[in-house]
Structures are given as structure tokens and as C-alpha cells.
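A.B. asks: I'd like to ask some things about the structure below.
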Amino acid sequence: MSRIISLTVKDAPLMNAYVSTPRGEGPFPAIILFHDAFGVNINIRNVADKLASDGYLVVAPEMFHRTAAPGFEARYYQVSVVMPHTKALKSEQIADDIQSVYKWLTKQDNVDENKIGAVGFSMGGRMSFVANSLLNLAASVSFYGTSTDKEVEKAATQNGPSLFVWAAKDDTVSHAQVDKILEAMRAADKDFVNIEISKAGHGFFFDSHPGYDAQAARETWSMVSAFLKNKLQS
């Protein structure tokens, strides 16, 4: 079952979020799902529904709510359309929005507040990393998180185990950026799994993205699913 909810956030009107709920009564483990630069589009909604079918209550907040109309989404070739919204995002606002989603989740009777995780794609991968530093998460997953290296100091405060998924042929996230994050995680002695897909590029997970790689998407999803099951459903 899916629905749109509106959440109260700081210094802004209400923030909409797509919620997908499993069948049954719960309590369910929950996942905060962070979109890429193209909004809570059909790809993000499909991931939310797929996770819900696996037993997770999923919330995908519209992180551009301060600058874009509710329900905003763009196609992958519309980079000029999304750039004003990505550039307008402020770290403090992202943190406030993450806290608002988490607060809502912990108040739901059908959510196990000890089994909340985060999953994000591209800029959402960075947000998943940030969320795992801010919140008492049980797990986080970051798909090719852009500019995550700018948050490298948060490696020391990661709470739940992390799974990183990178694309070796990514023209958006460099090997040096990835190495910086992984070195910080090792230095902080944090629990993490690192996956690199050697022949894939940025955006390989979504079938409407120019970089889509069906085999890489299938393989990484099986690993992500196993990781989330071990951390959130055991």
C-alpha cells in the first residue's frame, strides 16, 4: 500500500513523502529512501514498493520541497531543470529534514524504531551517509554517493553498519573520492561493506538512466537485499 504524507519541517512549508507499507500489521523494520537529483520519480517509487514487498515500511521524502512544487520529478536528460534545486540544498536543511522523517517513523505504531535504516542513490547516497551519522540507524546503503567525500568527517560518527556501492567507470564520483571515504571508515574502525562494479557507470541501477546496466543492477540488488535482511530483519 502506498500513500503521500506531509511532514512538518523547520523553516519551510510541509514536506511531502512517498510511503510504501508492507501487508500485515507489523511492527515493521523501516527504511528512509533518499532520491537522486531527479526527485521521487517512478524509479524511486518502484524501489520503495520493492522494499515494502520485502517487509520494510519505506519513506521517500521530497528533498527539494523548499524550491520545487510538491511531486516534482524530472527525467534523466533534464539536468538543467534539476540543477537549481540541487544547488539550493543546504546541509542544515538536509539534516533538519532527515530528523523530521525519523521523528515521524519513531511515532508510528507499526514501525520497529530499533530497526530503521537508510538507502540512497547519487546525492541520496550522500544523504544516507549523513543520516547514519545523525540518527541511531541499524544500517545504511549508499549507491554511488556524489560528494560524500565532503562529509568525510562523519565517518567517525557512523552508527549502523554501512554498505557502499560504487561504479568503477563513474564520471561523477572519482576513485580518489571513494578512497577518501573508505580510508576514513577504516581509520574510525567502522563496520562497512564495499562493493565496486568494474564495468558500470553512474546511475547504473535505474533502467531509464543512460548508464543503466541490467546485470549490475540485479547483482547489486541481491547483495543489498541480503545486507538489509541481516541488519534489519534478524
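Nothing in this text is a laboratory measurement; each read-out follows from the coordinates by a stated rule. Values in this document were obtained by computation on a predicted structure and should not be read as measured data. Glycine also receives a Cβ, built like all others from the backbone with ideal geometry; neighbour counts cover every protein chain displayed.
A.B. asks: Would you kindly compute the Cα radius of gyration of segment 116-168 and its largest Cα-Cα separation (Dmax), both in Å?
C.D. replies: Gyration radius and largest Cα-Cα distance of segment 116-168: 9.6, 31 Å.
A.B. asks: Looking only at S91, S142, S162, which one moves most when the chain is put into a Gaussian network model with springs between Cα atoms under 10 Å?
C.D. replies: Result: S91 has the largest fluctuation of those listed.
A.B. asks: Would you grab the residues whose amide H sits under 5 Å from the one on A138? Only those 5+ places off in sequence or on another chain, please, with H modelled 1.01 Å from N.
C.D. replies: Here I116, G117 satisfy the definition.
A.B. asks: Using only the alpha-carbon atoms of segment 1-120, report the extent along each of the three principal axes, biggest first, to the nearest angstrom.
C.D. replies: 42, 29, 19
A.B. asks: According to a simple spin-label model (label point 7 Å from Cα along Cα-to-Cβ), what is the distance in nm between R75 and D54?
C.D. replies: 3.0 nm
A.B. asks: Also, I was wondering about something else. Per residue Cα convex hull volume for the chain, in cubic angstrom?
C.D. replies: 109 Å³
A.B. asks: Could I ask something else about it? Scan the chain and note any complete DSSP helix (H) whose C-alpha atoms cover at least 15 Å along its axis and whose Kyte-Doolittle average is -0.5 or more.
C.D. replies: Helices passing the filter in the chain: 42-53, 91-106, 123-134, 175-187, 214-232.
A.B. asks: In segment 146-234, how does Rg compare with the Kirkwood Rh, expressed as the Rg/Rh ratio over alpha carbon atoms?
C.D. replies: With Rg and the Kirkwood Rh in hand, the quotient comes to 0.98.
A.B. asks: Pull out the extension gain between Q233 and K90, defined as 0.36 nm times the separation in residues minus the alpha carbon to alpha carbon distance; nm, one decimal.
C.D. replies: Here the answer is 48.2 nm.
A.B. asks: Which of D54, D189, D97 moves most in a GNM of the chain, Cα contacts under 10 Å?
C.D. replies: Residue with maximal mean-square fluctuation among D54, D189, D97: D189.
A.B. asks: Using amide H atoms built 1.01 Å from N in the peptide plane, name the residues 5+ places from W166, or on other chains, whose amide H lies under 5 Å from its own.
C.D. replies: Y144, I195, E196, I197
A.B. asks: Still on this structure, I have one more. Under a Cβ-only charge scheme (Lys and Arg +1, Asp and Glu -1), can you give me the dipole magnitude of the chain about the Cα centre, in debye to the nearest 20?
C.D. replies: 220 debye
A.B. asks: Report the full-extension gain for the segment K107 to D189: residue separation times 0.36 nm, less the Cα-Cα distance, to one decimal in nm.
C.D. replies: 26.3 nm
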